[in-house]
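Worksheet for the structure shown next.
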Amino acid sequence: MLAPNFYVAENFERAAHRRKDEAWLDARRTDPKTLIVPVWRARNLVALGEPPVALFPDITLTARFGEDPLIFLGETPEHPYFAWDLSVIDEAEAQDLARAYAPSAEFVDLRRVGALLPRRDGALLAYARGVTHWHSRHRFCGVCGAPSVAQSAGHTRLCTNRDCGTMHFPRTDPATIMLVTDGDRCLLGRQKVWIPGMYSTLAGFVEPGESLEQAVAREVFEETGIECADIRYHSSQPWPFPASLMLGFYAIARSRALKVDLEELEDGRWFSAAEIRNFANTGFTLPRPDSIARRLIEGWLAELG
Ligand SMILES: [Zn+2]
């Protein structure tokens with residue numbers, strides 16, 4: 001068994017079978033041990049410092065702002081956890097709220113601090129960010145356009161139009177991410193918006209009617225003109241930026257001549273393992289340490305020895 005990726009919550013009971021049990025949920029909504037994972041405009045509450053610390057206010061927070069539904073995330077042996085979207089408050093209020101918990105606290109983008117947080121804290125912040133994002137984008141029924149309301153402790157939304165009554169479930173968009181190798185070389189690309197010098201694995205969303213392996217082969221060919229085979233699953237990673245599940249693969253190149261699609265990538269090239277190991281001295285950088293992309297690259301380097 002591989003160790004889990006960043007943003008996977010280990011030893012965390014989602015208690016999905018309790019999501020319709022109102023008495024059980026009410027006991028947790030009023031339990032002083034319950035902790036809240038607040039989300040403000042897709043940002044998480046973190047005390048900045050070295051290292052940063054995720055802050056989990058107690059349930060009294062929810063008495064202060066509005067009536068937004070609490071989303072039950074699950075529990076550890078010590079604490080039940082609920083996500084709560086505070087996006088209705090303005091920036092100054094959000095800042096005051098954060099400061100009330102710690103002088104250095106702010107609502108920050110998880111990508112800024114995720115790799116530095118304890119794994120389970122990072123996973124809870126990612127989970128809360130992902131599920132609140134889904135609610136924020138599905139306030140109306142996609143079938144008939146009527147308002148929808150949260151149900152099942154925030155894990156479904158029901159259309160309020162009785163003639164429709166469609167139940168909507170949280171979306172996770174599957175995205176393949178792959179390291180294509182050719183002996184001791186691997187294929188990396190870069191997008192214009194990335195920090196200068198950063199090269200990473202190729203990636204792309206799975207289309208309807210397509211298998212994961214087909215998506216890997218199609219994306220690699222579209223972006224770089226390389227044909228690949230021996231597509232091998234590695235691991236998966238929740239990636240709530242905003243709503244992806246990354247599915248990591250290795251693939252072996254069956255052709256070598258690059259034809260980079262410059263609409264998708266700014267550049268794509270082969271790097272030898274030695275070049276990648278020397279990245280820090282040559283102005284190149286690898287992807288973020290909390291990303292599955294980084295893990296695929298480092299896993300391949302380790303296999304080469
Ligand atoms: Zn509807």
>> Just the residues that are crowded, with 22+ Cβ neighbours inside 10 Å, touching an Asp or Glu at 6+ places or on another chain (Cβ under 7 Å) and among the aliphatic types (A, V, I, L, M), please, taken from region 75-126.
In response: Ala98
>> Just to be sure I understand the filter: pairs with C-beta atoms under 6 Å, separated by 6 or more residues or on different chains, first member in region 109-128 and assigned to a loop (DSSP other than H, G, I, E, B), second member of a type outside the set (A, V, I, L, M) and modelled with pLDDT of 95 or more. Which pairs pass?
In response: Asp109/Arg43
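Can you say whether Phe72 is assigned to a loop (DSSP other than H, G, I, E, B), of a type in the set (A, V, I, L, M, F, W, C) and surrounded by 15 or more Cβ atoms within 10 Å (Cβ to Cβ), as far as the supplied structure shows? Even if it seems obvious, please write down each step before you answer.
Numbers: assigned to a loop (DSSP other than H, G, I, E, B): no; of a type in the set (A, V, I, L, M, F, W, C): yes; surrounded by 15 or more Cβ atoms within 10 Å (Cβ to Cβ): yes.
Against the criterion (assigned to a loop (DSSP other than H, G, I, E, B), of a type in the set (A, V, I, L, M, F, W, C) and surrounded by 15 or more Cβ atoms within 10 Å (Cβ to Cβ)), Phe72 does not qualify.
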> What residue, among those in region 135-153 that are assigned to a loop (DSSP other than H, G, I, E, B) and either over 23 Å from Leu25 (Cβ atoms) or of a type in the set (D, E, K, R) (or both), is farthest from the ligand (Cβ to nearest atom)?
Replying inline: Arg139
>> Consider region 72-111. How many of its residues are over 30 Å from Ala15 (Cα atoms) and of a type in the set (Lys, Arg)?
In response: 1
> So Leu116 clears everything in (1) within 25 Å of Pro57 (Cβ to Cβ); (2) within 16 Å of the ligand (Cβ to nearest atom) except one condition, right? Which one?
Replying inline: (2)
> Among Thr160, Thr132, Thr156, Thr166, which is the only one that is within 21 Å of the chain's Cα centre (by Cα) and within 16 Å of the ligand (Cβ to nearest atom)?
Replying inline: Thr156
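Table: residues versus (1) of a type outside the set (Ser, Thr, Tyr); (2) more than 19 Å from the chain's Cα centre (by Cα).
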| position | (1), (2) |
| --- | --- |
| Asn5 | yes, no |
| Ala9 | yes, no |
| Arg18 | yes, yes |
| Glu22 | yes, yes |
| Trp40 | yes, no |
| Val46 | yes, no |
| Thr60 | no, yes |
| Phe65 | yes, yes |
| Leu73 | yes, no |
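The values are calculated or read from the model by the stated rules, or taken from the named source; none is laboratory data. Because the structure is a prediction, the values reported are computed rather than measured. Heads up, the Cβs are rebuilt from the backbone with ideal geometry, glycines too, and the neighbour counts pull from every protein chain shown.
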